[in-house]
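K.L.:
What follows is a structure written as structure tokens; I'll ask about it next.
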Amino acid sequence: MVVGEIARPVDVLVVGGGPGGYTAAARAAELGREVVLVEAGRLGGVCLNVGCIPSKALITLAEHRHRGHLMAERGLPVPSGEVDLAAAVRAKDGVVDGLVAGVEALLAKVEVVHGVARLLDDRRVSVESDDLVSHFQFGTCILATGSRPVVIPGLEPDGDRVLDSTGALDLTELPATMAVVGGGYIGLELGTAFAKLGTRVSVVEALDRIGAGFDAELVDVVRGRLDALGVEVLTSTRARGPVDGGLEVEGPDGVAVVPAERVLVAVGRVPNTEELQLENAGIVLEAGRIPVDAQQRTSSKRILAIGDLVPGPALAHKAATEGRVAAEVACGLDAAMEAHVPAIAFTDPEMAAVGLDEAAAREAGLAPIVGRARFRASGRARTLGAEEGFVKVVADAAGTVVGVQIVGPDASDLISAGALAVECALHLDDVVGTIHPHPTLGESLHEAATAALRRLRRPA
């Protein structure tokens, strides 16, 4: 192994090339700093290469196949809808390749070094790549190494029978049966997609409900769709391991076997911190994550951390926002992570939420005022054949919007307007006074705010 003993100085060193890391690197370079980005794998990170983008490609394919039956009823006969999963994987890979090329272009002013970075102290790192080890001395280091799927003992991914989300997205043949271990958003998204493609799916969740983290009212709508799709949902049930013919589980009624040609394990993610050698810089983990302040600073003044490494939801848009903040802090600007982070799930129907739900608002002592609008009253939703679900707007006693929750068509897009309302602390009057075009799904946000405003102004 060849070792470069002299540490090369660099203004900003970013470790990790996912959404948080490449956003931080590009922003620091834009602000005139010399930036080196270290990436052990492929630029784009989990989200772009094996997560957010590939999964949405599969979900979109599944939705088009599923909705073909509705279109036939509305005057557009469709073919049999047989799925060529190998072709779908090739198309997905093409989308990913194109987006990775876009990230490379974004980093035109950033030096990208491929290898594994390890902290030597609070101002130096070594980078190991093949038979070469080089050293950098940084002014500021931004850690953005992301996370990986949790592995359950006895259910380790083997690339064949037991899969993690990455393996599931590379399947070239559709399994007849699948058990999804984990009823969070990843498990529900992929489980729903495979069910729509024709697989018989069972979801196994250890908690007493699926969709933890989302308002129970939203999850109830998704649960109804899962039932309609023929997805078996087993809550308060633990997976014991694969057996001949399926997956052995243990639930309220004892031990049983769930049919499963393939087992998809999707029970969460764990931060990639092991190889960073954080202890060399005096950084101590709390609950498995790196504690940071509002400026993403760790206990070491030269080192910042973002994304899945730090507390909060493991979401690409959160990581990207934290990356921008960290880069600006590294360049001497007064930036802080103060924004509300929307949560979304590409289930059927989609779920999205930002700010406080009704229960959280009550716990905060806000005496919430809630307005709802159901998509079945939306002309646009009915023309789309997607009238399930609703929009819920939560305001405080003074009428300031503190939360928005949506379950229904295009909830992942609609929540952006809700996020703006919460972030800007808009009054219900502001939302109601904004003209929402007709006929659109966005009108439902207007109607929910109108319902809340009526309650606010109702005579005592």
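K.L.:
Suppose we filter region 101-130 for residues that are under 16 Å from G41 (Cα atoms) and over 31 Å from the mean Cα position of the chain (by Cα); how many remain? Full working, then the answer.
P.N.:
Start the filter on region 101-130 by keeping residues that are under 16 Å from G41 (Cα atoms), which leaves 101, 103-104, 107, 111-118, 127-130.
Next cut, over 31 Å from the mean Cα position of the chain (by Cα) only: 130.
Looking only at that region, the number is 1.
A quick yes/no check of all residues on (1) of a type in the set (V, I, T); (2) within 19 Å of P437 (Cα to Cα):
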position: I369; (1), (2): yes, no
position: R376; (1), (2): no, yes
position: A397; (1), (2): no, no
position: Q405; (1), (2): no, no
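K.L.:
Could you please let me know if V203 is without any contact (Cβ under 8 Å) to a residue 60 or more places away in the chain, open to solvent by less than 10 Å² (accessible area, probe 1.4 Å) and within 22 Å of V270 (Cα to Cα)?
P.N.:
Here the answer is yes, as V203 does meet what is asked.
K.L.:
Continuing with the same structure: Tell me whether region 171-186 contains one or more residues that are among the aromatic types (F, W, Y), closer than 23 Å to C47 by Cβ and not in a loop (DSSP other than H, G, I, E, B).
P.N.:
Looking for residues that are among the aromatic types (F, W, Y), closer than 23 Å to C47 by Cβ and not in a loop (DSSP other than H, G, I, E, B), one finds at least one in region 171-186, hence yes.
K.L.:
Looking at L174, L155, L163 in this structure, which one is open to solvent by 40 Å² or more (accessible area, probe 1.4 Å), in contact (Cβ under 8 Å) with a residue 40 or more places away in the chain and under 25 Å from the mean Cα position of the chain (by Cα)?
P.N.:
The unique qualifying residue is L174.
K.L.:
Then there's this: Given V284, V292, which one is at pLDDT 95 or above, farther than 22 Å from D11 by Cβ and touching a helix residue (DSSP H, G or I) at 6+ places or on another chain (Cβ under 9 Å)?
P.N.:
Answer to the check: V284.
K.L.:
Another question, if that's okay. Out of all the residues in region 89-102, is one or more on the phi > 0 side of the Ramachandran plot and open to solvent by 20 Å² or more (accessible area, probe 1.4 Å)?
P.N.:
Taking every residue of region 89-102 in turn, none turns out to be on the phi > 0 side of the Ramachandran plot and open to solvent by 20 Å² or more (accessible area, probe 1.4 Å).
K.L.:
While we're on this one: Counting just the residues of region 130-147 that are among the hydroxyl-bearing types (S, T, Y) and assigned to a strand (DSSP E or B), which one comes out surrounded by the fewest Cβ atoms within 10 Å (Cβ to Cβ)? Walk me through how you get there before you give the answer.
P.N.:
The first filter runs over region 130-147 and keeps only residues among the hydroxyl-bearing types (S, T, Y), leaving 134, 140, 145, 147.
Subsequent filtering for residues that are assigned to a strand (DSSP E or B) retains 134, 140, 147.
Numbers: S134: 19, T140: 25, S147: 21.
The residue in question is S134.
K.L.:
Next up: Could you list, in sequence order, all residues of region 404-414 that are touching a helix residue (DSSP H, G or I) at 6+ places or on another chain (Cβ under 7 Å), under 20 Å from R223 (Cβ atoms) and open to solvent by less than 10 Å² (accessible area, probe 1.4 Å)?
P.N.:
Passing the criteria: Q405, I406, V407, G408.
K.L.:
Here are A381, A395, A425: which of them is over 30 Å from L226 (Cα atoms), small (G, A, S) and in contact with a helix residue (DSSP H, G or I) (Cβ under 6 Å, 6 or more places away or on another chain)?
P.N.:
Just one listed residue meets the conditions, A395.
K.L.:
Does region 342-373 hold any residues that are at negative phi, free of Cβ contacts under 8 Å to residues at least 60 places away in the same chain and open to solvent by 50 Å² or more (accessible area, probe 1.4 Å), and which are they?
P.N.:
First, pick out the residues of region 342-373 that are at negative phi: 342-354, 356-364, 366, 368-373.
From what is left, the residues that are free of Cβ contacts under 8 Å to residues at least 60 places away in the same chain are 356, 360-364, 366, 368.
The answer is L356, R362, E363, A364, L366.
K.L.:
Mind checking which residues of region 288-305 are open to solvent by 60 Å² or more (accessible area, probe 1.4 Å) and of a type outside the set (D, E, K, R)?
P.N.:
Correct list: S299 only.
K.L.:
Right, next: Going through R302, R297, R289, R269 one at a time, which residue ends up being among the basic types (K, R) and touching a Cys at 6+ places or on another chain (Cβ under 9 Å)? Give the steps one after another, and end with the answer.
P.N.:
Working: R297 fails: touching a Cys at 6+ places or on another chain (Cβ under 9 Å); R289 fails: touching a Cys at 6+ places or on another chain (Cβ under 9 Å); R269 fails: touching a Cys at 6+ places or on another chain (Cβ under 9 Å).
The match here is R302.
K.L.:
In region 32-78, how many residues are open to solvent by 30 Å² or more (accessible area, probe 1.4 Å), at pLDDT 85 or above, hydrophobic (A, V, I, L, M, F, W, C) and not in a helix (DSSP H, G or I)?
P.N.:
Of the residues in that region, 1 qualify.
K.L.:
Look through region 322-337, keep the residues that are among the aliphatic types (A, V, I, L, M) and within 15 Å of R302 (Cα to Cα), and return whichever of them is farthest from the chain's Cα centre (by Cα).
P.N.:
Looking at the filtered set, the residue picked out is L333.
K.L.:
Going by what's in this entry, would V150 be described as closer than 21 Å to R238 by Cα, open to solvent by 30 Å² or more (accessible area, probe 1.4 Å) and among the hydrophobic types (A, V, I, L, M, F, W, C)?
P.N.:
yes
K.L.:
Another question, then. Give A381, A421, A417 a once-over and let me know the one that is buried (at least 16 other Cβ atoms within 10 Å of the Cβ), of a type outside the set (D, E, K, R) and over 30 Å from L190 (Cα atoms).
P.N.:
A421
K.L.:
Any residue in region 2-26 that is modelled with pLDDT under 95 sitting within a Cβ distance under 8 Å of a residue that is of a type in the set (F, W, Y) and in a strand (DSSP E or B)? List the pairs, counting only those 6 or more apart or interchain.
P.N.:
Filtered contacts from region 2-26: A7/F136.
The values are calculated or read from the model by the stated rules, or taken from the named source; none is laboratory data. Remember, predicted model here, so these are calculated numbers, not experimental data. Positions of Cβ are generated from backbone atoms using ideal geometry, with glycine treated the same way; all protein chains shown enter the neighbour counts. Side chains are part of the model used for accessible areas, which takes the heavy atoms of the whole protein and leaves out ligands, DNA and RNA. Shrake-Rupley method; radii C 1.70, N 1.55, O 1.52, S 1.80 Å.
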